[in-house]
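K.L.:
One structure, as structure tokens, below. Some questions next.
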Amino acid sequence: MRILGIETSCDDTGVAIYDSEKGLLAHALYSQIETHADYGGVVPELASRDHIRKITSLVQAVMQQTELSHSNLHGIAYTAGPGLPGALMVGAAFAKSLAMAWQLPSIGVHHMEGHLLAVMLEAEAPSFPFLALLVSGGHTQLVEVTALGCYKILGESIDDAVGEAFDKTAKLLGLGYPGGAALSRLAEEGDMKRFHFPRPMTDRPGLDFSFSGLKTCAVNTFAKHGIEARADIARAFQEAVIETLLIKSRRALDVTGLKTMVVAGGVGANKALRAALEKMLLERNGRVYFPRPEFCTDNGAMIAYVGCQRFLRGQSEDLAIKIYPRWVLDELR
Ligand code: KG4
Ligand code: ZN
């Protein structure tokens with residue numbers, strides 16, 4: 001079965017074709033980072049317009065790369081939520097129009113389910129069950145994954161998502177937007193002993209997170225020490241985030257008895273986080289799996305993959321254009 005996947009939930013237009021026998025056949029991505037950089041955040045209306053501008057040529061690109069015609073496809077999957085309503089609407093309307101023109105079944109996919117299962121696109125993929133740490137610009141969650149569609153949220157952020165905290169701190173340090181990756185590069189040059197930031201909510205039981213205090217801590221330290229302390233602040237911030245994620249992940253592994261972990265979402269591309277989790281799982285005789293960095297951030301491949309799994313289960317939808325900007329993960333079946 002060959003499925004075309006379309007992702008437009010935020011500021012990346014992603015398109016891919018996934019084959020249930022051969023794996024990923026092609027993928028293409030257009031990042032809108034430059035469109036939004038001057039505004040210091042994603043401007044929803046500009047995002048929608050950029051998706052409209054790029055989506056047709058990206059679909060043409062993957063069709064040409066694979067030398068497939070629409071008669072070789074078996075279905076179309078698109079991100080139905082959560083995300084920006086206008087941006088989701090572009091992908092949904094485009095997918096349903098293609099489905100009608102090409103007479104193919106279509107299905108809406110949950111963006112976070114895409115992130116959770118992006119790791120399945122790798123040669124080394126885990127088997128169920130596993131503990132997933134979802135760390136993106138909009139979400140921070142620990143999820144117990146027992147099968148396709150069976151997701152139990154064990155803990156999540158009560159305020160800022162990790163990626164959001166990275167981006168806000170990066171902005172403070174003059175690293176542009178979105179600055180998560182730049183902050184992490186700067187942190188490598190920093191002295192980890194100079195400042196110590198708190199590990200929020202680790203002194204009490206539970207698996208929830210809070211990251212807004214760390215950002216405030218960065219603001220105060222920057223106000224006191226100024227630009228000269230930039231790298232050391234970046235380091236202290238990153239150390240605090242990683243150790244907090246590590247403590248909660250360890251707790252979640254203890255509670256569930258799971259031995260396998262998966263890390264997903266944009267912050268999953270962070271090298272220091274990957275190394276710390278690898279070490280922790282090795283010590284516990286377990287194993288951690290990561291998607292390649294380009295599939296940690298938003299992409300069409302993960303949507304094509306999830307769509308394919310759901311079509312294989314016999315699911316599909318009518319041609320009504322439906323989006324769910326605030327869809328929660330554990331409502332899925
Ligand atoms: O998953 P994603 O592409 O989009 C959402 O669905 O949110 O995640 C984007 C987030 C941004 O906040 C970005 O700064 C962060 O992931 N990010 C990183 C790194 N690469 C991307 N954060 C820390 N270290 C990185 N290397
Ligand atoms: Zn995402």
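The values are calculated or read from the model by the stated rules, or taken from the named source; none is laboratory data. Keep in mind the model is a prediction, meaning the values are calculated, not measured. We place every Cβ from the backbone using ideal geometry, glycine too, and count neighbours over all the protein chains shown. Accessible surface is based on the protein model in full, side chains and every heavy atom, while ligands, DNA and RNA are left aside. Shrake-Rupley method; radii C 1.70, N 1.55, O 1.52, S 1.80 Å.
K.L.:
What helices (runs of 4 or more DSSP H), lying completely within segment 233-333, carry at least 3 residues that are closer than 23 Å to Leu4 by Cβ and either polar (S, T, N, Q) or under 16 Å from the mean Cα position of the chain (by Cα) (or both)?
P.N.:
Once the helices (runs of 4 or more DSSP H) in segment 233-333 are filtered for at least 3 residues that are closer than 23 Å to Leu4 by Cβ and either polar (S, T, N, Q) or under 16 Å from the mean Cα position of the chain (by Cα) (or both), what remains is 293-296, 301-312.
K.L.:
Moving on. For Thr13, which of the numbered conditions (1) open to solvent by 20 Å² or more (accessible area, probe 1.4 Å); (2) in a strand (DSSP E or B); (3) closer than 30 Å to Leu173 by Cα fails to hold?
P.N.:
(1) is the only condition that Thr13 fails.
K.L.:
Out of the residues in segment 156-180 meeting the condition of being near ligand 1 (Cβ under 8 Å from one of its atoms) and open to solvent by less than 50 Å² (accessible area, probe 1.4 Å), tell me which one is nearest to Thr244 (Cα to Cα). Let's see the steps before the verdict.
P.N.:
Initially, segment 156-180 is screened for residues near ligand 1 (Cβ under 8 Å from one of its atoms), giving 161-164, 166-167, 170, 178-180.
With open to solvent by less than 50 Å² (accessible area, probe 1.4 Å) added as a condition, the list becomes 161-163, 166-167, 170, 179-180.
Values: Ala161: 13, Val162: 11, Gly163: 14, Phe166: 14, Asp167: 17, Ala170: 19, Gly179: 20, Gly180: 17 Å.
Only one residue tops the list, namely Val162.
K.L.:
Test Gly257 against the stated conditions and say whether it is buried (at least 24 other Cβ atoms within 10 Å of the Cβ) and on the phi > 0 side of the Ramachandran plot.
P.N.:
No: the conditions fail for Gly257.
K.L.:
Which of the residues belonging to segment 135-155 are within 14 Å of ligand 1 (Cβ to nearest atom) and in contact with a Ser or Thr (Cβ under 7 Å, 6 or more places away or on another chain)?
P.N.:
Scanning segment 135-155 gives a single hit, Thr140.
K.L.:
Mind counting the residues in segment 187-231 that are open to solvent by less than 60 Å² (accessible area, probe 1.4 Å) and without any contact (Cβ under 8 Å) to a residue 12 or more places away in the chain?
P.N.:
So the count comes out to 1.
K.L.:
Please go through segment 20-45 and give me each residue that is open to solvent by 50 Å² or more (accessible area, probe 1.4 Å), among the hydroxyl-bearing types (Ser, Thr, Tyr) and in a helix (DSSP H, G or I), ordered by number.
P.N.:
Across segment 20-45, there are no qualifying residues.
K.L.:
Out of curiosity, is Ala93 surrounded by 15 or more Cβ atoms within 10 Å (Cβ to Cβ), touching a strand residue (DSSP E or B) at 6+ places or on another chain (Cβ under 8 Å) and at pLDDT 95 or above?
P.N.:
Values: surrounded by 15 or more Cβ atoms within 10 Å (Cβ to Cβ): yes; touching a strand residue (DSSP E or B) at 6+ places or on another chain (Cβ under 8 Å): no; at pLDDT 95 or above: yes.
No; evaluated as a whole, the condition is false for this residue.
K.L.:
So, in segment 109-155, of the ones that are within 30 Å of Ser71 (Cβ to Cβ) and open to solvent by less than 10 Å² (accessible area, probe 1.4 Å), which residue ends up nearest to ligand 2 (Cβ to nearest atom)?
P.N.:
Gly114
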